Every structure is written in C-alpha cells, then in structure tokens.
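Here is the structure we will look at, set down as structure tokens.
The values are calculated or read from the model by the stated rules, or taken from the named source; none is laboratory data. This one's a predicted model, so the numbers in the text were calculated from it and none came from an experiment. Please note: Cβ atoms are built from the backbone with ideal geometry, for glycine as well, and neighbour counts cover all protein chains shown.
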Amino acid sequence: MMKTDKLNKRELKYLAPAVLYDWDIEKAPYDSKGYWNGDRILPVSVGKMAEKLIAQGYLKDVSLFNHLQLRATEKARSLECKNCHRGSVLNENDERTGECPICSGIGLVMEQES
C-alpha cells in the first residue's frame, strides 16, 4: 500500500464530522459560510483547508448546480481509529472510560494503517 501524507491534528478535527457522522459540508451561493448537513446550527468554514483536503483526496466535491457539497472519500474513512468509538474508549458495559490514547479523542488517526 502506498504511503499517504500525514494529516495534522487541525485537519483531522476538520475532517472528523464527515467521517464519524457521515455528514456533508453544504454551502449555498448566497451564504458566506458552509454548514454540516445544511444545519445552520453547525457552521463550518469552507476555504483553504477544504481545498487542501480535496487536493489530497480526503474530500470530494459532489455539488449540484451552484450548491456546494463536500463529502468524505474512502481514503478519509480509512483514517477512522479502530481502538475507540468516536474518540472515546468504552468498557465491557459500553460506558465511556476516557479519551482514546491512539487518536487523542478525535476519532481519526494521522495516517492510514497498512
């Protein structure tokens, strides 16, 4: 398997909702901001970081007409941490026992496991 670029913590936090919750970034042409799944309570900036993640293949543009829509790719989904559930370690009773030491509570690891 080919080695990929290592993402930093900020990029992982930006990408996490798209991978962990299967949310899309949506931005209408009349809005200055984008929103997770079009929900105005969950704003997200669409700029250089989104462009970088698209260029690296972690996000893909699935836009319709003028309505921008970005979705996580399989490459991004492969970064999901296998040690925890969305950044939290669970015990045998499915109770959260703390933050995952491998992904630092983000839910995504910095590079793909080979």
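Worth pointing out:
- Test: C103 is at pLDDT 90 or above, crowded, with 16+ Cβ neighbours inside 10 Å and touching a Cys at 6+ places or on another chain (Cβ under 8 Å): no
- Positions within the stretch 55-83 being at pLDDT 90 or above, in a loop (DSSP other than H, G, I, E, B) and of a type in the set (A, V, I, L, M, F, W, C), in sequence order: V62, L79, C81
- Count of residues meeting criterion [of a type in the set (D, E), over 16 Å from the mean Cα position of the chain (by Cα) and closer than 12 Å to H67 by Cα] in the stretch 1-42: 1
- Residue list for the stretch 65-88, filter: touching a strand residue (DSSP E or B) at 6+ places or on another chain (Cβ under 9 Å), surrounded by fewer than 16 Cβ atoms within 10 Å (Cβ to Cβ) and farther than 30 Å from S32 by Cα: N83, H85, S88
- Only one of G98, G105 that is on the phi > 0 side of the Ramachandran plot and in a strand (DSSP E or B): G98
- Taken over the stretch 33-43, the criterion of being closer than 17 Å to S63 by Cβ and either aromatic (F, W, Y) or loosely packed, with under 10 Cβ neighbours inside 10 Å (or both) is satisfied by Y35, W36.
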